[in-house]
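Just so it is clear, none of the values below were taken in a lab; they were calculated from the coordinates. This one's a predicted model, so the numbers in the text were calculated from it and none came from an experiment. Glycine gets a Cβ as well: all are built from the backbone with ideal geometry, and neighbour counts include every protein chain shown.
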Amino acid sequence: MSERQPAGTPESKKSGAPAVVFAVPEGQRISLGAPSLIALPNGKLLAAFDQTGPDVKGLNGKKGHDAKRNRWMQGRVMSSGDGGSTWQLAATFPFRRASLLRDGGDVYLLGEASGGLCLMRSPDGGASWSAPIELTGDLDLWLSPTTGVAEGDSWFVPCLMPSGGGMGLTVWRAPKGASLMNRKAWTQGPVSAPLSTMLPSAPGPGFGVPLGEAIPSWRDPVLVKIADPRHPWHGDGRLHVLGATNSGRQHWGALMRLSTEDLSLAPQPAPGGEPWTWLPLPGGHEKFDLFHDEPSRMHWLLGSRGAAGLPLGKEAFQEEGLRRIGLWASENLVDWQFACGVAAGGEGAAGIRCDPAGAVCGNDLAVVCRAGGFQSRNARETTQMLCIRLPNFRARGG
């Protein structure tokens, strides 16, 4: 596990250019999936992401096989002890769409293989890992990296599952401080109806359907806790799910309220009692990362800056909108202020920059994202994982 990745020239480090977390070796038919990122108390960074493609089968290390689709899968955990400048391989894992979670002195890697939850544990900051275990068996669920949230005495993880001819939301819960490797520790909530059937028919601010011809659907749900007691959506025993959505417009997301008691999901009522389902959200048309930062008392969002103009329908999801990543800040999850650009690429598939994940490191924000390379043929064939560090990021929030 001593494999290292180049960090670029000294000049690129001085200019703040992205460091390479991992790059697919030339000639290998492998694409990289969306990453998860955490920062440990000692400053060490851990990043996890998938590898997919025909040549995964021949890779060394732990691998899994999706019998339903006849596809091989392998994930990589990379570590950095110098703030993200250089990276080393820490582990491989035989599942996909994994999230890194830190519970006390343990680090967990929670993912999905052939539709069921899988978990690995590291007791030493990612240096060594347990064998993976299956927590649930085959459930046909769809996880999104960077989704775990700790609230009260529990962990909560949202995911998507088939429901009513579409995809519904469901949330898993497990107690903090206990062994998450115990299958009995995990409880699943009910599966909601698809987003398209939960939308109100009457248009209006905050709960009307955005313009576009696409059938609305959820993608990559993220959990968030509203900590400000002055916020009208604040409440004990309550979390909120913000989901990237297929709505036919850029910068719109979906909002749902989660009861932490029975794990039920319901629309957030607007002041007049109507269901508040849609939310103007930077980068809400693609996978985004969202976290609350206590020192600044603000929510921070890393997401796609999209394409220029007002793309509608299929145009809202074309490759042109996947070249720039931005950082936004908000006190209330509704009013967002652009903080800065994080990464940008050029034309063609090699210029893709998407699916960011962030981790606070003292006064800085570390970000990893998928990126295209010379081997990429389209927007989804990303062959690089990049790391960008934003010094003193809180000063950019205004």
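Please report, to two decimal places, log10 I(q)/I(0) for region 26-114 at q = 0.18, 0.25 Å⁻¹ as given by the Debye formula with identical point scatterers on the Cα atoms and no solvent. Here log10 of I(q) over I(0) equals -0.78, -1.26. Between SER85 and ARG297, the simple label model (points 7 Å from Cα in the Cβ direction) yields a spacing of 3.6 nm. For GLU112, GLU331, the sequence from fewest to most other C-beta atoms within 10 Å is GLU331, GLU112. Amide H to amide H distances under 5 Å link ALA339 with LEU327, TRP328, ALA329, where only residues 5 or more positions off or on other chains count and H is placed in the peptide plane. Cα-based radius of gyration for region 208-347, normalised by 2.2 N^0.38 Å, reads 1.06. Both radii are taken from the alpha-carbon atoms of region 320-379; with Rh as the Kirkwood radius, Rg/Rh is 1.05. For the pair ALA227 and ASP262, label points projected 7 Å from Cα toward Cβ lie 3.0 nm apart.
For an R0 of 35 angstrom, estimate the FRET efficiency from the Cβ-Cβ distance between ALA17 and SER128 and round to the nearest 0.05.
My answer for the efficiency is 0.60.
What is the chain's relative contact order, in percent, from Cα pairs under 8 angstrom and six or more apart in sequence? The value is 13 percent. If you run the Gaussian network model on the chain, springs between alpha carbon atoms under 10 Å, then out of GLY104, GLY272, GLY235 the most flexible one is GLY272.
In this rough spin-label picture, where each label sits 7 Å from Cα along the Cβ direction, the PHE338-ASN42 distance is 4.1 nm. Centroid-to-centroid, using Cα positions, region 310-326 and region 121-147 are 32 Å apart.
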